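**Q** Got a structure here, written out as structure tokens. Questions coming.
The values are calculated or read from the model by the stated rules, or taken from the named source; none is laboratory data. These numbers come from a predicted model, not from an experiment. No Cβ is skipped: glycine too gets one built from the backbone with ideal geometry, and neighbour counts run over all protein chains shown.
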Amino acid sequence: MKFDFVVLGATGDQGMIASKDLLESGYKVLLCGRNKYRIKQLLRHKNAKFDYVNVRDINNTAKVIINSGAKIVLNCVELRLNINVMKACLKAGVNYLDLGGLQEMTIQQYKFDNDFKKKKLLVLLGCGSTPGIANVMTRHAVGQLDSVDHIDLGFGWDSNIKEFVIPYSIESIVYELTTAPVALENGKFVNSKVCYYKGVTNLREVGMQNIYCIVHSEVFTFHKYFRNKGLKGVHYTAGFPEHSHKVLKTLIDLGLGSSDFVKIGGNEIKIIDFTREVLKSNKKPKDYKEVENVWVKVIGKRLGNNKTITMECITKTLSGYEFAGSNINTGMSISIMAQLLFNSLINSIGVTAPETCVPCIEFFKELSKRRMFVYENNKKIN
Amino acid sequence: MIGIIGLGAIGRIIASDLHKFYNGKVVYIVRDKSSVNNLAKKFNAEVRFGDVNDPDSLVNAFKNLKVVIHAVHHEYNIAVMKACLKADCNYIDLGGLYHFTKKQLKLFNRFKKKNLLAIIGMGASPGITNVMASYGSRFFKEINNIQFLIGSEDFSTYKKESPLTNLYSIQTIIEEFSWKPAVFVDGKTIFVEPISGREEYKFPSPVGSKKPQFTIHSEIATIPYNLKSKNVSFKIAFDDSFVDKILTLKRIGFTVDKDIKIKDNKVNIMDTLVNILKKLPRPIPKKLNQYEIIRVIISGFDYYGYDKQVILDARIESINETVNKDTGVPPSIVSQMIVNNLINKSGVFPPELIINDKLFFDELFKRNIFIFCNDRRIN
């Protein structure tokens, strides 16, 4: 079977969501990963097939991609392996989308811009919820302004049952909560204190949330693409419900987010791997539901007047995707962008981000089909 | 000769106490000899190799020792006792968290037959608690209730605090928070939920109000039978923030005693957690100043048939040292009693049946551990 897409990391949560969305949209998908057992249900689909891939082996990854016949790869593996997958895609001559690389990895990824441009291939960085939906919403808002001064953005979420469920990849959470965030202030990147408390905010559907300044790639890409519009400031904040933040903080404080190894009965165990597996072994409470608000506030000028545009995307736990909670906005978003690329609605080449090339209206329309609703200054627009 | 197996935090306190109060030879038994070379040099002790997982190595290490103080974890109690039987030496440990204690008592005849003595649970609690209960029991014709309560307060200043300030072995604490505590009620042992019974209790100053909780402990395995009390309970208080952290780990599955697959390896979740927590940086004190109160409340009828209540406190003020000294000091004292032939029985005994309270309290006094009976100091 010739495939339309290859999903790397298809056995992880986001890979599963993206694969399910692609398959339900009628595409042929090669699901790649290391633990076939986790996706046995998805593999019952007639358009799905599995291949064992360890992306640490770049040559073999490229070989699997070439043999699939697909021209688009969705990279849903851990972000520290993004460069490996990009190299495999370059070798295989295919387009690449990923879920983001935070600031550090994103900067490394841009170094491949010429290589991909030469081959007329696209690398679309940060195609999840944030980065991803947030970037397209920003593009939509910035497009309405003559100049942009400042962008604040972030996310907040909560659940109906106040029990701890890991909200997204523990590796990403640990990185975000332990790395000094970089903000753009007065046109310059500045480091601030790790995960510093920024106060309380009231978010649509989520309610009051404590927000914390964390590291995220949008600060870098917004500066790259909107500085010619006068952008001087970008701040990124994350909102966690108190019950979740407390647990995450405890895990980190007690060393359970560490990448160090611990010796157990003659085996070396990576601590973060242990933490991930223990957390994964917890069952979600019955009838557990989440709601997430990804938001962007763009402050600028139009026709000489000050103007603020607030964009929000609301995601709730979706029937059939209960395993994913509000995380569907990450896996589904990369699936939508991949489909837009497949259908030639995205036409860029080189390494870029969604705010430069993803058509806003078409993207929002697809979000709406999946019950993710976008608001512009309190008015639903999709 | 007195041997100490295990030179961790408590083992080192025992070593220090023996250095101060014992003139005979002391032998340190460890897996990694280099880890105690400096200490041995400082305290003029001999170092021998011994691994609790390798019984033969223990028998070799115990040669010619009069008594072995076992300061490794309680899961090795039986193995070390058996090595003592083979090596013909007496044995002392720091407790068996109820379940191990029950098993250890079954070795009574084997120790008796070899004319050897094992004293089990000879730290602070169990240990000082048992001797205090035994002392207090003399005022009663009939005992209705014995309550053990422990509270402490840390007034130290730190250069650097630790994310988890555990006063004793983190493995023991995790087990205490996970295993169902035994409580002796109306003549029967029942098991209640871990961390239950957490209610405010006012200890004397400077400890003040704390929230002690039921905890699995060795005292319940022996005291009800030896002191003939109808009810016996044990509670210990931890800081709210400490309890909160351990409870968080418990709620999200990190304290269960079962295996999990991590890539190609299977590991026990609780063991792995303990190993990770052991790697946390220790606090760096500027000035240590800790205070602990070990309280035993006995109620019942006196010899005239009147209601009676006796409150015994061990008050441990630790300036420039940790309150853990109350766990390290008793085995040192009792090992010296054995060496000096002040205890001459054979078999396996908990402290309440074998320790002369007067001699023991006098020795505690020398270490600034003061015993009070109904608020009157008795040592």
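**Q** Within the bounds of segment A:224-242, is there any residue that is surrounded by 21 or more Cβ atoms within 10 Å (Cβ to Cβ) and either among the β-branched types (V, I, T) or within 14 Å of chain B (Cβ to nearest Cβ) (or both)?
**A** Looking for residues that are surrounded by 21 or more Cβ atoms within 10 Å (Cβ to Cβ) and either among the β-branched types (V, I, T) or within 14 Å of chain B (Cβ to nearest Cβ) (or both), one finds at least one in segment A:224-242, hence yes.
**Q** Of everything in segment B:275-295 that's touching a residue at least 40 places away in the same chain (Cβ under 8 Å) and charged (D, E, K, R), which residue is nearest to the other protein chains (Cβ to nearest Cβ)?
**A** B:K278
**Q** Now, a different point. Starting from residues that are within 19 Å of A:F274 (Cα to Cα) and of a type in the set (S, T, N, Q), keep the ones in segment A:164-190 and report whichever is farthest from the chain's Cα centre (by Cα).
**A** Residue satisfying both the conditions and the ranking: A:T178.
**Q** Sort through A:L345, A:L341 and tell me the only one that's crowded, with 21+ Cβ neighbours inside 10 Å, outside any strand (DSSP E or B), assigned by TED's automatic domain parsing to the domain that holds A:D98 and aliphatic (A, V, I, L, M).
**A** A:L341
**Q** Only one of B:F301, B:F360, B:F372 is touching a residue at least 40 places away in the same chain (Cβ under 8 Å) and either in the same structural domain as B:V27 (by TED's automatic domain parsing) or on the phi > 0 side of the Ramachandran plot (or both); which?
**A** Going through B:F301, B:F360, B:F372 in turn, the sole match is B:F360.
**Q** Something else about it: Can we say A:V136 is buried (at least 24 other Cβ atoms within 10 Å of the Cβ), more than 14 Å from chain B (Cβ to nearest Cβ) and aliphatic (A, V, I, L, M)?
**A** Yes.
**Q** Go through (1) in a helix (DSSP H, G or I); (2) not assigned by TED's automatic domain parsing to the domain that holds B:L312 for B:A118 and report which single condition fails.
**A** (1)
**Q** Can you name the residue in segment A:156-169 that is crowded, with 21+ Cβ neighbours inside 10 Å and within 14 Å of another protein chain (Cβ to nearest Cβ) and is also modelled with the highest pLDDT among such residues?
**A** Of everything passing the filter in segment A:156-169, A:F164 is modelled with the highest pLDDT.
Each row is one residue, and each column tells you yes or no for (1) of a type in the set (G, A, S); (2) more than 17 Å from the chain's Cα centre (by Cα); (3) within 30 Å of A:I314 (Cβ to Cβ).
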{"position": "A:G101", "(1), (2), (3)": "yes, no, yes"}
{"position": "A:C127", "(1), (2), (3)": "no, no, yes"}
{"position": "A:I133", "(1), (2), (3)": "no, no, yes"}
{"position": "A:D146", "(1), (2), (3)": "no, yes, yes"}
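**Q** Of all residues in segment B:17-39, which are touching a Leu at 6+ places or on another chain (Cβ under 9 Å), part of a helix (DSSP H, G or I) and among the small types (G, A, S)?
**A** Correct list: B:S35 only.
**Q** Is it true that some residue in segment B:247-255 is within 26 Å of A:L256 (Cα to Cα) and in contact with a Lys or Arg (Cβ under 6 Å, 6 or more places away or on another chain)?
**A** no
**Q** Got a sec? Which of A:I314, A:I381, A:I271, A:I349 is out of contact with any Cys (no Cβ under 9 Å at 6 or more places or on another chain), within 14 Å of another protein chain (Cβ to nearest Cβ) and at pLDDT 95 or above?
**A** Testing whether each residue is out of contact with any Cys (no Cβ under 9 Å at 6 or more places or on another chain), within 14 Å of another protein chain (Cβ to nearest Cβ) and at pLDDT 95 or above leaves just A:I271.
**Q** Report the residue count in segment A:253-267 for those that are more than 9 Å from chain B (Cβ to nearest Cβ) and surrounded by 19 or more Cβ atoms within 10 Å (Cβ to Cβ).
**A** Adding up the residues that qualify gives 1.
**Q** Does any residue of segment B:241-252 turn out to be within 14 Å of chain A (Cβ to nearest Cβ) and more than 30 Å from B:S156 (Cα to Cα)?
**A** Yes, that holds for at least one residue.
**Q** Could I ask something else about it? Just to verify a result, which residue in segment B:260-274, among those that are more than 7 Å from chain A (Cβ to nearest Cβ) and either under 23 Å from the mean Cα position of the chain (by Cα) or not in a strand (DSSP E or B) (or both), is nearest to A:N35 (Cα to Cα)?
**A** It comes out as B:D264.
**Q** Being buried (at least 16 other Cβ atoms within 10 Å of the Cβ) and closer than 29 Å to A:V182 by Cβ is the filter here, so list the residues in segment A:268-288 that pass it.
**A** A:I271, A:I272, A:D273, A:T275, A:R276, A:L279
**Q** With respect to the numbered conditions (1) farther than 30 Å from A:T138 by Cα; (2) more than 9 Å from every other protein chain (Cβ to nearest Cβ); (3) not β-branched (V, I, T), which one is the sole condition not fulfilled by A:L279?
**A** For A:L279, the exception is condition (2).
**Q** Go through segment B:1-41 and give me each residue that's touching a residue at least 12 places away in the same chain (Cβ under 8 Å) and among the basic types (K, R).
**A** Selection gives B:R12, B:K25, B:R31, B:K33.
**Q** Now a separate question. Within the bounds of segment B:92-103, is there any residue that is outside any strand (DSSP E or B) and hydroxyl-bearing (S, T, Y)?
**A** Yes, segment B:92-103 has at least one match.
**Q** If I filter segment B:316-368 down to residues being among the aromatic types (F, W, Y) and crowded, with 20+ Cβ neighbours inside 10 Å, which single residue comes out as farthest from B:A15 (Cα to Cα)?
**A** B:F349
**Q** State whether the residues of segment B:216-230 include one that is within 14 Å of chain A (Cβ to nearest Cβ), buried (at least 18 other Cβ atoms within 10 Å of the Cβ) and in a helix (DSSP H, G or I).
**A** Scanning segment B:216-230 turns up no residue that is within 14 Å of chain A (Cβ to nearest Cβ), buried (at least 18 other Cβ atoms within 10 Å of the Cβ) and in a helix (DSSP H, G or I).
**Q** If I ask for residues that are assigned to a helix (DSSP H, G or I), buried (at least 19 other Cβ atoms within 10 Å of the Cβ) and out of contact with any His (no Cβ under 8 Å at 6 or more places or on another chain), which ones from segment A:17-41 would you list?
**A** A:I17, A:A18, A:S19, A:K20, A:D21, A:L22, A:I39
**Q** Further question: Which of (1) within 7 Å of chain A (Cβ to nearest Cβ); (2) assigned to a loop (DSSP other than H, G, I, E, B) does B:D257 not meet, given it meets every other one?
**A** In the conditions (1) within 7 Å of chain A (Cβ to nearest Cβ); (2) assigned to a loop (DSSP other than H, G, I, E, B), B:D257 misses (1) alone.
**Q** Looking at B:Y304, is it more than 14 Å from chain A (Cβ to nearest Cβ), surrounded by fewer than 19 Cβ atoms within 10 Å (Cβ to Cβ) and not in a helix (DSSP H, G or I)?
**A** yes
**Q** Could you please find all residues in segment A:309-335 being of a type in the set (G, A, S) and surrounded by fewer than 24 Cβ atoms within 10 Å (Cβ to Cβ)?
**A** Those that are of a type in the set (G, A, S) and surrounded by fewer than 24 Cβ atoms within 10 Å (Cβ to Cβ): A:S319, A:G320, A:A324.
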